[in-house]
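The values are calculated or read from the model by the stated rules, or taken from the named source; none is laboratory data. No experiment lies behind these values; they were computed from the predicted model shown. Using ideal geometry, Cβ is built from the backbone for each residue, glycine included, and neighbour counts are taken over all protein chains shown. With ligands, DNA and RNA removed, areas are computed over all heavy atoms of the protein, side chains included. Shrake-Rupley method; radii C 1.70, N 1.55, O 1.52, S 1.80 Å.
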Amino acid sequence: MQGPGTPTLDQIQVFLAVVEAGSFASAARRLGRATSVVSYAIGNLEAQLGLALFDRQTTRKPQLTEAGRAILADARTVSLGLDGLRAKARGLLSGLEAEVALAVDVMLPTERLVAALEAFQAEFPTVSLRLQVEALGAVTQLVLDGTASVGVSGPLPHRLDELSRRRIGSVELIPVAAPRHPLARAEGHLTSVLARNELQLVLTDRSALTAGQDMAVLSVRTWRLADLGAKHALILAGLGWGNMPEPMVRADIAAGRLVQLTLCEWGSNTYALEAVHRIDRPPGPAARWLIDRLAD
């Protein structure tokens, strides 16, 4: 027994037009063709598949048969895939990237990142996105080695000549602890964290750019963690204190799950954020748009 033939894309699009328009005549007007041409295309499609797709006998308007309903979803999938291919080809012809590889610092507020990516998806539906979240110098390392085309990095101790850097904002870091922690129960300003010898949880680096460099470390007792989420969980559990991005712990402080500490030695601690890319590999239009959106 011979199997079904291979329908053409035109036959599939005519089939969908008849389904959506409700009749051969309406589909012909939508497609700018004669009704006889539409009817001929459907007849050829049915012959290719060996299936009757429309019931033309019992109703005035063609109704999908059971077989027609069964293949409708697949026909739409093929049509949408073709539309996506054409859109991506148009984008590539205009210089639009096929993919943006983005690395962001874990300190970048999640709401800010999500809002930018939602807008990016709406603006560039054909551009794929690859996202990596890292801490400290690891973001810049991904840009330097070409894994990421652009990054949103925290401060680095020195400039790198091969990188273009653009300031796009900052986030405030605040010291916090669980309410039952000794530092949270202390009254007034804490004059010396070192004297209390309380465990401080410190975010550490997975790259060589800032490895071994302490940032805002006051205690002589520290645990080093490479994951900000794990640090947050341990602080909530009362295992130690540490500095956290204010947006990440705002709800915890409001709900009483965490207490903001008043440390005399602390002062203001602002974590600068910069967009970075290699000078010899400038970002394309979609990546530039995304950086502008993150800056806003």
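Local charge for residue 156 was computed over the other residues whose Cβ lies under 9 Å away, with Lys and Arg +1 and Asp and Glu -1, and equals +1. Between the amide H of residue 170 and those of 273, distances stay under 5 Å, these residues lying 5 or more places away or on another chain, with hydrogens modeled in the peptide plane.
The shape of region 104-187 comes out oblate: with a ≥ b ≥ c from the C-alpha gyration tensor, a/c is at least 1.5 while a/b does not beat b/c. For the pair residue 34 and residue 57, a Förster radius of 25 Å applied to the C-beta separation gives a FRET efficiency near 0.65, rounded to the nearest 0.05. Placing 33, 185, 257 in order of accessible area, with the largest value first and a 1.4 Å probe, yields 185, 257, 33. Net charge in the neighbourhood of residue 22 (other residues with Cβ under 12 Å of its Cβ; Lys, Arg +1, Asp, Glu -1) is +3.
Counting only protein chain heavy atoms and rolling a 1.4 Å probe, the accessible areas of 80, 9 rank, largest first, as 80, 9.
Extension gain, residue 236-residue 172: 0.36 nm per intervening residue step, less the Cα-Cα distance, totals 21.1 nm.
Given their separation in residues at 0.36 nm each and the Cα-Cα distance between them, residue 9 and residue 66 gain 18.4 nm when the chain is fully extended. Of the listed residues 181, 232, the order by accessible area with a 1.4 Å probe, largest first, is 232, 181.
Once the other residues with Cβ under 15 Å from the Cβ of residue 119 are scored (Lys, Arg +1; Asp, Glu -1), what is the net sum? Net of charged neighbours comes to -2.
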